[in-house]
């Protein structure tokens, strides 16, 4: 069976290394976010406090894939 990914937003806290970020979710949990190779151009745009869109697999809730930078209308309240 295929379980679809969980889609959410998060705020970048810091970047311990290239293409890897600590991201705070709306519920307060901090996960590791990474950029897929196809979106490597996002690396230059992502700074601390940037709100990003994430995909999290239901099998490992401690890591997520950064899919894009969230637009202003998508920021959490």
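Summary table below
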{"quantity": "Mean projected area (nm²) of the alpha-carbon convex hull when the range 16-59 is viewed from all directions", "calculated": "3.6"}
{"quantity": "Ranking of 35, 40, 69 by count of other Cβ atoms within 10 Å, fewest first", "calculated": "40, 69, 35"}
{"quantity": "Stokes-Einstein D (µm²/s) once Rh is taken as the Kirkwood radius of the chain over alpha-carbon pairs, at 20 °C in 1.002 mPa s", "calculated": "172"}
{"quantity": "Ranking of 30, 23 by count of other Cβ atoms within 10 Å, fewest first", "calculated": "30, 23"}
{"quantity": "Exposure proxy order (Cβ contacts within 10 Å, fewest to most) of 59, 2", "calculated": "2, 59"}
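FYI, it's all coordinate maths here, none of it is from the lab. What you see is a predicted model; the values in this text were computed from it and never measured. Don't worry about glycine lacking a Cβ; one is built from the backbone with ideal geometry, like all the others, and counts go over all protein chains shown.
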